[in-house]
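The values are calculated or read from the model by the stated rules, or taken from the named source; none is laboratory data. Nothing here was measured: the structure is a model prediction, and the numbers come from that model. Please note: Cβ atoms are built from the backbone with ideal geometry, for glycine as well, and neighbour counts cover all protein chains shown.
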Amino acid sequence: MSINLDDLSLYQKLRNFLFFCRIFIAQNQAMEDMLFYDRLQFAFTITFHYIFPQLTMGLSLMIVYFKWKYLRNKIEKYNNAAKFFMKIFAVNFTMGVVTGIPMEFQFGTNWAKFSELTGGIIGQTLAMEGMFSFFLESSFLALFIFGEKLMGQKLHFLTGLFVFIGSWASGWFILATNAWMQHPVGHEVLENGKFVLDNFSELFTNPWLIPAFLHNQMASVVTSAFVVASIGAFYILRNKQTEYGKLFLKTGVIFGLISSLLVAFPTGDWNAKNVAKYQPGTFAAMEGIFETEHAGAEIVLIGQPNMLDKKLDNKIAVPNILSFLTYQDWDRQIAGMDQFKAEELPDNIPALYYSYHIMVGLGTIFIGVMFVALFFLWRKKLFTMKPLLWMIMFLVPFPYIANITGWYTAELGRQPYLVYGLLKTSDGISPTVSSGNTLFTLLGFVALYMLLGLLFLVLVGKTINEGPNHQKH
Amino acid sequence: MTGTLISLISIIIGIISANTFGSIFKKYSLGFKGNTLIGVFGSILLIKTFGRLGFDPWSIMNNGDFDTFRLIINILFSALGGILGLVVSKFIVSKMNRNSSNN
């Protein structure tokens, strides 16, 4: 239907104009709602999912260590420790598989446009993750749990090693996907807007990938070290399976201190330098630099972003440190957010800033706690220091929080893009899936995940309660 | 979208069926932990393998119309997956133990 504007009165023209404005605003609002709920659903499902892989990746390394120690000195408790933690690994792995399935589906349902445009790139790495890592991990996991007597100790060690390789390879492929989204390389954009792979090796030699992978893996070792140490502390405090309690606590503290230090330096430092180099607007936002300082940038320890006045409230900062840490030059200028256009900056600066500072703050606390614990271990007082044992036991949720806020930092920092600088998040959603549909399924996920979470706690609780002495296989 | 939820429900049905079967037929039980883990993988395996015959989550929600009959078939296959998974796993575990004791 066409309207001849000359036939209409000014009043009618104005009414029509307002009517079309209302439709435009409503459509825009609907799009914003869709984007918001799609992002919310993905954030919820991936946050819940990442509780599990972060433990399996780190724990697989510690299982290999226990099994290796057993092969060397033939002390049975190391073998029992390896088998005990492999049971916890199996529960985590299964929960990771269950919660990973919605992630796979969401690429097709909520993010169909993103999958359509970038499938030529991310399809490669995600398929490799499924084909190589998942099958390697799951096959050898079953062999490790059931096949010890059949295979003998050396082959049993090898199956544990392959579980470790599979779980870390899984992390590698996921990080390769994410690294391409953060710093896209080795691709070509076709006329229809689709991304295709131009150089396969560039995908895996992406300068973003290696530091991100190492940082992520070390952080997962921190989580597993805290889990192992806290189970040890629990046994000692309950005066139950104390021999294993001491072994777990000692191993957890040593792994915890080494990995906490490696998370900060060199891997964390390397990552931050990459952000400063490739995403300078994000770097300014996560560090809370609103205004460019001419002679060296300060590092903010505490402060609250005030987005109205474009400043940090109640700030405590140390001058020139950020310039030195980033460029090894005390007086080097670092661009503040005032140097960037609004669309070049992340769309939720306070969330990014807090995520980053929570991660860094917790990481610093982990180094401190593990250093103190190692000191008392050296002085042979750790096993009788009840306050420290309670602290180690109750600190166990915090490495999970640090890992998840670390991922929030990476993902919020990349916004408003899905593929940095090339594809906006708002252009990647499925245009036909309504926000109501997404909200309904989100509520469904919350309910089902609560059930799964409860099941997970029961299974892990039972395993811990039975303890490493209770080994059937 | 709802298809994704159905896939999770299938897994939970697999967990329930494996545990129920294990508690009724004790000789097939691998304990609560073992039954639960086998229930997850058994249901996924059967639904992934045979779901395309017409009872996978997407077919159930075909064109946005909820198909109750297909959902019932999906639930039955998920339950069967959990049970079969348990029977096969128990068979493999007992074979492995028998072989190792022969060695």
**OP:** Hey, could you check segment A:43-77 for residues that are at negative phi and outside any helix (DSSP H, G or I) and say which is surrounded by the fewest Cβ atoms within 10 Å (Cβ to Cβ)?
**Re:** A:Ile75
Original post:
Which one of these is within 14 Å of chain B (Cβ to nearest Cβ) and of a type in the set (Ser, Thr, Tyr): A:Ser133, A:Ser138?
Top reply: A:Ser138
**OP:** Under 7 Å between Cβ atoms, at least 6 apart or on separate chains: pull out the pairs that start in segment A:239-257 with a residue that is crowded, with 20+ Cβ neighbours inside 10 Å and end on any residue that is β-branched (Val, Ile, Thr).
**Re:** A:Gly245/A:Ile236; A:Phe248/A:Val228; A:Phe248/A:Ile231; A:Leu249/A:Ile236; A:Thr251/A:Val228; A:Gly252/A:Val228; A:Phe255/A:Val221; A:Gly256/A:Val222
**OP:** State all residues of segment A:84-110 that are at pLDDT 90 or above and aromatic (Phe, Trp, Tyr); if no residue qualifies, say none.
**Re:** A:Phe84, A:Phe85, A:Phe89, A:Phe93
Original post:
Can A:Thr282 be described as among the hydroxyl-bearing types (Ser, Thr, Tyr), in contact with a Lys or Arg (Cβ under 9 Å, 6 or more places away or on another chain) and crowded, with 19+ Cβ neighbours inside 10 Å?
Top reply: yes
**OP:** With the condition kept exactly as written, say whether any residue in segment B:6-23 is surrounded by fewer than 24 Cβ atoms within 10 Å (Cβ to Cβ), hydrophobic (A, V, I, L, M, F, W, C) and either over 19 Å from A:Val97 (Cα atoms) or away from chain A (no Cβ under 13 Å) (or both).
**Re:** yes
Subject >> Enumeration of residues in segment A:191-238 that are buried (at least 21 other Cβ atoms within 10 Å of the Cβ) and among the small types (Gly, Ala, Ser) >> reply: A:Ala212, A:Ala219, A:Ser220, A:Ser224, A:Ala225, A:Ala229, A:Ser230, A:Gly232, A:Ala233
Original post:
Across segment A:416-473, what is the number of residues that are away from chain B (no Cβ under 12 Å) and outside any helix (DSSP H, G or I)?
Top reply: 16
**OP:** Confirm whether B:Gly34 is buried (at least 17 other Cβ atoms within 10 Å of the Cβ), part of a helix (DSSP H, G or I) and either at pLDDT below 80 or touching a Phe, Trp or Tyr at 6+ places or on another chain (Cβ under 8 Å) (or both).
**Re:** no
Original post:
Given A:Leu395, A:Leu412, A:Leu443, which one is modelled with pLDDT of 90 or more and touching a Phe, Trp or Tyr at 6+ places or on another chain (Cβ under 8 Å)?
Top reply: A:Leu395
Subject >> Residue among B:Ser78, B:Ser29 that alone is touching a residue at least 40 places away in the same chain (Cβ under 8 Å) and under 16 Å from A:Leu452 (Cβ atoms) >> reply: B:Ser78
Subject >> Residue check for A:Thr94: out of contact with any Ser or Thr (no Cβ under 7 Å at 6 or more places or on another chain), of a type in the set (Ser, Thr, Tyr) and either surrounded by 20 or more Cβ atoms within 10 Å (Cβ to Cβ) or away from chain B (no Cβ under 14 Å) (or both) >> reply: yes
**OP:** Check whether at least one residue in segment A:172-194 is farther than 25 Å from A:Glu411 by Cβ and touching a strand residue (DSSP E or B) at 6+ places or on another chain (Cβ under 7 Å), and report yes or no.
**Re:** yes
Original post:
Which ones in segment A:100-118 are part of a helix (DSSP H, G or I) and in contact (Cβ under 8 Å) with a residue 40 or more places away in the chain?
Top reply: A:Gly100, A:Pro102, A:Met103, A:Gln106, A:Thr109, A:Ala112, A:Lys113, A:Phe114, A:Glu116, A:Leu117, A:Thr118
**OP:** Would you confirm whether any residue within segment A:364-377 is under 28 Å from the mean Cα position of the chain (by Cα), crowded, with 17+ Cβ neighbours inside 10 Å, outside any helix (DSSP H, G or I) and small (Gly, Ala, Ser)?
**Re:** no
**OP:** Could you tell me whether any residue of segment A:164-186 is within 12 Å of chain B (Cβ to nearest Cβ), touching a residue at least 60 places away in the same chain (Cβ under 8 Å) and assigned to a helix (DSSP H, G or I)?
**Re:** no
